[in-house]
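What follows is calculated from the coordinates using simple rules that are stated; it is not laboratory data. Just so you know, these numbers come straight off a predicted model, no measurement behind them.
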Amino acid sequence: MKLTIKYFGLVAEAANKFEEVMELNGELTARELKERCLNGLSIRDKDSVQIAVNQNLDDKITLKDGDEVALLPPFAGG
């Protein structure tokens, strides 16, 4: 399956890229992909990074061909 991965904020800085297209075989959940993408990056609190699939925050979804995945840094606001 072919996925477009987009990186934002500190995740993009750590990965040294804003976007990539990834070819993967087999079934994979969004959470598993997040772990794979963040593995080896210098992000202190990887649990604070959220993942969105087709603009929906859901790390339990099973990915399918053509999905757009975004790795989002922690948000602050008030």
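Numbers at a glance
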{"item": "Under 5 Å, built H, 5+ apart or other chain: amide partners of Phe8", "result": "Leu71"}
{"item": "Pairs of Lys in the range 1-64 closer than 21 Å at Cα, counting only those 8 or more apart or on different chains", "result": "15"}
{"item": "Option label - volume of the Cα convex hull per residue in Å³ computed here, alternatives (1) 90; (2) 62; (3) 81", "result": "(1)"}
{"item": "Table column - 3J(HN,Hα) (Hz), the range 40-46, Karplus curve with 6.51, -1.76, 1.60, x for Gly and Pro", "result": "x, 7, 8, 10, 5, 10, 5"}
{"item": "Residues with amide H under 5 Å from that of Gln50, placed H, sequence gap 5 or more", "result": "Leu72"}
{"item": "Whole-Hz ³J(HN,Hα) from phi, Karplus 6.51 cos²θ - 1.76 cosθ + 1.60, for the range 4-18, glycine and proline x", "result": "9, 10, 10, 10, 10, x, 5, 5, 5, 4, 5, 7, 6, 6, 9"}
{"item": "³J(HN,Hα) computed for each position of the range 50-63 - Karplus, 6.51 cos²θ - 1.76 cosθ + 1.60, integer Hz, glycine/proline x", "result": "9, 10, 10, 10, 6, 6, 10, 6, 7, 8, 9, 5, 7, 6"}
